[in-house]
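Report on the structure given below.
Just so it is clear, none of the values below were taken in a lab; they were calculated from the coordinates. Being a predicted model, the structure only gives us computed values, none of them experimental. Every residue, glycine as well, gets a Cβ built from its backbone with ideal geometry; the counts of neighbours run over all protein chains shown.
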Amino acid sequence: MIDKNIKKQFKIFQQKVYGKPLRYLDNAATTQMPNDVLNEIFEYETKYRANVKRGNHYLSEKSTEIYENARKTVADFIGTNIPDELIFTSGATDSLNLIARAWGDKNISEGDIILVSEIEHHSNFIPWFELAKRKNAKLEIIKVDNDCNFLLNDLDIDFSKLKLVAFTHVSNVLGVVNNVKNIVKSIKKKCEPFDVTPRFVLDGAQSVSHFGVNVKSLGVDFLAFSGHKMCAPFGIGGLYINRDIFDEIGEYKYGGGMIDSVFLDKCKYNSKVTNRLEAGTPNVSGAVGLAAACKFLNNIGLDNIFDHEKELASIMMNKLRKINETIIYGPVDVKHKSGLITFNIGGIPPHDLATILDTEGVAIRSGHHCVMPWHMEQDLKTTARASLYLYNDEEDIDALISGIQKAKKIFKVN
């Protein structure tokens with residue numbers, strides 16, 4: 001169980017919004033930072049701040065030690081005991097673009113196939129769309145059914161040309177938790193007759209902070225995630241790269257820290273992947289905050305967090321379904337979902353609903369949630385989304401329901 005006083009760790013909940021307690025239900029977009037994380041960042045910035053890997057003085061050496069220890073902590077958190085398999089990035093978007101450039105530009109050729117699902121966040125769609133354009137490759141789409149299951153048996157593609165498969169672990173629009181192992185196994189089996197082994201990219205932005213993720217057991221080659229969705233600062237994230245494919249990775253950015261030697265007519269790049277892909281001064285305090293967030297979440301227990309979310313999601317689902325004119329997208333069985341529910345209230349535009357809820361102190365998301373292709377397929381412009389996390393409680397859900405009832409009265413919806 002999660003401590004009922006957990007909100008006291010988050011100073012942001014001490015304030016009121018329009019005179020009402022803050023009811024934050026936009027966690028799929030960004031989570032809040034606890035005191036434990038803020039304190040570790042403050043300690044680093046006030047005691048050890050210095051550039052890493054470049055100096056022989058005490059602060060630089062100490063800062064480098066702290067940075068590499070953070071790498072080990074985050075690597076352990078996602079299930080790899082090999083720190084060099086964890087690259088620090090600015091977030092999941094940066095991680096996915098890194099793959100598209102450092103791996104994609106080196107390995108994708110004309111006529112190759114890149115496979116993505118129709119429920120991907122734009123950050124896990126556009127990099128592959130652009131890569132396909134650059135290389136004159138083909139982008140193919142995995143369709144989903146009403147319960148968000150991947151329709152793999154409906155794929156009509158040339159599996160002999162499949163080079164890359166990119167998909168989400170947890171949908172940020174429908175909250176469905178994909179069975180990664182089964183998806184990877186199924187696609188690999190379709191490729192076996194052609195002696196082809198595509199690389200698998202997993203978007204873990206909505207998974208790593210909600211339940212235990214062991215990247216080694218999933219069978220993927222890349223895992224991207226963001227710190228700000230797991231109680232860490234903005235501007236920091238991670239990318240797991242399976243060491244078995246290190247030799248397939250090219251350069252991504254050029255500059256300090258990623259070279260061995262530079263002459264006027266030639267240069268040699270560092271052979272170590274973590275150095276080669278982290279050009280420039282890294283976000284050391286961000287890495288410190290990300291590692292602190294990993295320790296914070298581990299102390300609470302990821303199983304406890306997921307159980308807490310599911311319990312609240314079940315309550316929220318049941319209360320929403322009792323409201324007339326409510327349309328819920330994706331499965332209603334929370335056993336197959338994270339603590340995220342996307343819905344609409346008939347007769348109330350989602351943006352207007354979010355605005356009215358805001359006046360009640362309730363923060364939700366409205367829009368297409370960076371998954372425009374799925375919305376267009378459903379003939380939807382926008383939807384409303386409420387997403388839960390470890391610090392939410394039933395009072396937050398009650399405030400959401402009360403705000404919806406207020407919106408119905410304003411719009412005169414029965």
Go through T281, L388, Y48 and say which Cα lies farthest out towards the positive end of the charge dipole of the chain; charges sit on Cβ, +1 for Lys and Arg, -1 for Asp and Glu.
Y48
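Of the chymotrypsin sites (Phe, Trp or Tyr not before Pro) in the range 2-84, which ones lie in a loop per DSSP and count no more than 14 other C-beta atoms within 10 Å? The partial results should precede the final answer.
On the way: sites: F10, F13, Y18, Y24, F42, Y44, Y48, Y58, Y67, F77; in loops: F10, Y18, Y48.
Sites meeting the loop and neighbour criteria: Y18.
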Extended-chain gain in nm, criterion 0.36 nm per residue less alpha-carbon gap, N69 and N5
20.0 nm
Along principal axes, Cα extents of the range 271-400, largest first, whole Å:
59, 34, 31
Taking the range 99-238 on its own, what percent of its Cα-Cα pair distances exceed 20 Å?
46 percent
By how many nm would the segment from A29 to I401 lengthen if fully extended, with 0.36 nm per residue of separation less the alpha-carbon distance?
131.9 nm
Quick check: residue separation of E110 and K319 times 0.36 nm, minus the Cα distance between them. What number comes out in nm?
70.1 nm
Highest-MSF residue in the chain out of A287, A279, A384 [GNM, Cα springs under 10 Å]:
A279
FRET efficiency for E311 and D379, Cβ-Cβ distance as r, R0 = 25 Å, nearest 0.05?
0.15
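Just in the range 361-404: which chymotrypsin sites (Phe, Trp or Tyr not before Pro) are loop by DSSP and have at most 14 other Cβ atoms within 10 Å?
none
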Pairs of lysines in the range 138-262 (C-alpha under 21 Å apart; 8 or more residues apart or interchain):
28
Cα centroids of the range 129-180 and the range 244-279: how far apart, whole angstrom?
31 Å
R0 of 45 Å, Cβ-Cβ distance D265-F234: FRET efficiency to nearest 0.05
0.65
The range 18-82 versus the range 100-124: alpha-carbon centroid distance in Å
30 Å
Label-to-label distance, nm, for residues given as Q15 and R134 (7 Å Cα→Cβ offset)
3.9 nm
For the pair N56 and M372, the simple spin-label estimate (label points 7 Å beyond Cα toward Cβ) gives in nm 5.4 nm
Between R243 and D145, how many nm apart are label points set 7 Å from Cα along the C-beta direction?
4.1 nm
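Using only Cα atoms, what is the ratio of the radius of gyration of the range 332-414 to 2.2 N^0.38 Å?
Working: Rg = 13.1 Å, N = 83, 2.2 N^0.38 = 11.8 Å.
It is 1.11.
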Of all DSSP beta bridges located in the chain, what percent are antiparallel, nearest 5?
60 percent
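Arrange T80, T326 by Cβ neighbour counts within 10 Å, fewest through most, would you? It would help to have the intermediate numbers written out before the result.
Values: T80 21, T326 15.
Ranking T80, T326 by Cβ neighbours within 10 Å, fewest first, gives T326, T80.
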The chain: most fluctuating residue of K53, K138, K268 per GNM, C-alpha cutoff 10 Å:
K268
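For the range 39-298, how big is the tail of P(r) above 24 Å, as a whole percent of Cα pairs?
Details: 16356 of 33670 pairs.
Counting pairs separated by more than 24 Å, the tail of P(r) holds 49 percent.
Ratio to report: Rg/Rh of the range 196-325, with Cα atoms as the point set and Rh obtained by the Kirkwood method; give two decimals. Walk me through the intermediate numbers first.
Details: Rg = 19.8 Å, Rh = 17.7 Å.
Ratio of gyration radius to Kirkwood radius for the range 196-325: 1.12.
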